[in-house]
Ligand SMILES: NC(=O)c1ccc[n+]([C@@H]2O[C@H](COP(=O)([O-])OP(=O)(O)OC[C@H]3O[C@@H](n4cnc5c(N)ncnc54)[C@H](OP(=O)(O)O)[C@@H]3O)[C@@H](O)[C@H]2O)c1
């Protein structure tokens with residue numbers, strides 16, 4: 001399908017998504033993202049939504065478990081207030097007591113209630129169910145399409161083997177697997193090395209890059225002497241942030257050459273690798289900055305230099 005520079009097809013579907021989506025995990029999440037604490041209120045979230053649409057994205061990624069349903073509810077309140085066409089991706093969480101095919105459909109119906117929609121654009125399985133090789137949920141995704149509850153279906157955190165199985169299971173039912181949402185950033189390049197990125201590219205499955213800013217670490221605002229708050233301090237210990245300093249410097253220098261910021265360069269790098277990033281934005285300022293990753297591209301030499309600098313991170 002022919003597309004503009006800032007729109008790409010979602011997998012083999014005819015749905016066109018902007019090359020940067022907006023992740024809504026932080027919308028209502030207290031534990032990781034400090035929702036409700038000082039400096040992060042409902043007004044910030046509303047602004048993040050409005051500014052995101054004003055700056056060229058056409059889709060948001062949420063999940064039933066984000067903020068225990070609050071993230072979907074925020075979107076449900078905001079969507080009727082815009083005249084723009086907005087695409088919504090959400091996710092089913094495979095708790096071990098949700099084993100039947102029907103459980104996925106029931107959870108999707110609950111998500112639709114919170115979102116105040118009759119159909120989402122992408123419904124994803126949040127993660128595989130343990131080591132089970134053929135769980136019922138993948139087949140249930142096809143049921144969700146047949147029931148008209150979602151336009152497209154995807155998975156998340158599936159490795160190459162499980163992605164292949166899901167793709168084959170769905171293709172047998174005449175439904176393409178549109179996407180796999182996995183962690184991908186200059187801090188985490190596992191999918192380049194384990195074959196998943198190649199498999200998805202060869203099979204026209206969109207790789208949706210989550211935590212593309214390494215939860216804020218590649219923006220340059222955190223460092224060994226200025227660690228992130230909350231649980232992120234454990235994920236990104238000082239030594240890791242110290243080793244990342246040459247990368248942060250390169251991100252800033254590369255950005256300066258394009259009139260862009262470190263965050264915008266880091267997101268553009270994920271786009272150059274053929275993925276679609278969904279940076280989280282807690283306010284309008286972050287949303288505007290992150291969406292400035294669209295509409296331009298790093299050179300091949302700049303991508304290689306960033307690859308090399310990222311190799312120093314353990
Ligand atoms: N499928 C899954 O298992 C899974 C897992 C994780 C995430 N996700 C999805 O991916 C989305 C994004 O991932 P993420 O939220 O983990 O991490 P991320 O996008 O890498 O980082 C987002 C955080 O970085 C900070 N930030 C964002 N833009 C910034 C900017 N321009 N300048 C400075 N700081 C900025 C904000 O936190 P502070 O302001 O507090 O620093 C923000 O909450 C989520 O919202 C969710 O939709 C999916």
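The values are calculated or read from the model by the stated rules, or taken from the named source; none is laboratory data. Please read these numbers as outputs of a predicted model, since none were measured by experiment. Don't worry about glycine lacking a Cβ; one is built from the backbone with ideal geometry, like all the others, and counts go over all protein chains shown.
Descriptive notes on the structure:
- Long-range neighbours under 7 Å by Cβ, at least six apart or interchain, first residue within 13 Å of residue 286 (Cβ to Cβ) within the range 41-70, second modelled with pLDDT of 95 or more and more than 13 Å from the ligand (Cβ to nearest atom): 49/78; 57/18
- Wholly within the range 107-217, helices (runs of 4 or more DSSP H) carrying at least 3 residues that are touching a residue at least 12 places away in the same chain (Cβ under 8 Å), buried (at least 19 other Cβ atoms within 10 Å of the Cβ) and in contact with a helix residue (DSSP H, G or I) (Cβ under 9 Å, 6 or more places away or on another chain): 136-146, 160-172, 196-202
- Residue check for residue 73: surrounded by fewer than 20 Cβ atoms within 10 Å (Cβ to Cβ), touching a helix residue (DSSP H, G or I) at 6+ places or on another chain (Cβ under 6 Å), modelled with pLDDT of 95 or more and not in a helix (DSSP H, G or I): no
- Among the residues of the range 281-301, those identified as surrounded by fewer than 24 Cβ atoms within 10 Å (Cβ to Cβ) and closer than 16 Å to residue 50 by Cα are 282, 283, 284, 285, 286, 288, 289, 292.
- Subset of the range 92-104 that is touching a strand residue (DSSP E or B) at 6+ places or on another chain (Cβ under 9 Å) and not in a loop (DSSP other than H, G, I, E, B) - its residue that is nearest to residue 158 (Cα to Cα): 92
- Looking across 28, 11, one residue alone is part of a loop (DSSP other than H, G, I, E, B), more than 15 Å from the ligand (Cβ to nearest atom), crowded, with 21+ Cβ neighbours inside 10 Å and modelled with pLDDT of 95 or more. It is 11.
- Scope the range 36-59; condition within 19 Å of the chain's Cα centre (by Cα), within 13 Å of the ligand (Cβ to nearest atom) and not in a helix (DSSP H, G or I); matching residues: 55, 57, 59
- For the range 224-280, a residue qualifies if it is crowded, with 23+ Cβ neighbours inside 10 Å, away from the ligand (no atom under 13 Å from the Cβ) and part of a loop (DSSP other than H, G, I, E, B), and exactly one does: 244.
- Taking (1) surrounded by fewer than 20 Cβ atoms within 10 Å (Cβ to Cβ); (2) at negative phi in turn, residue 56 satisfies each apart from (2).
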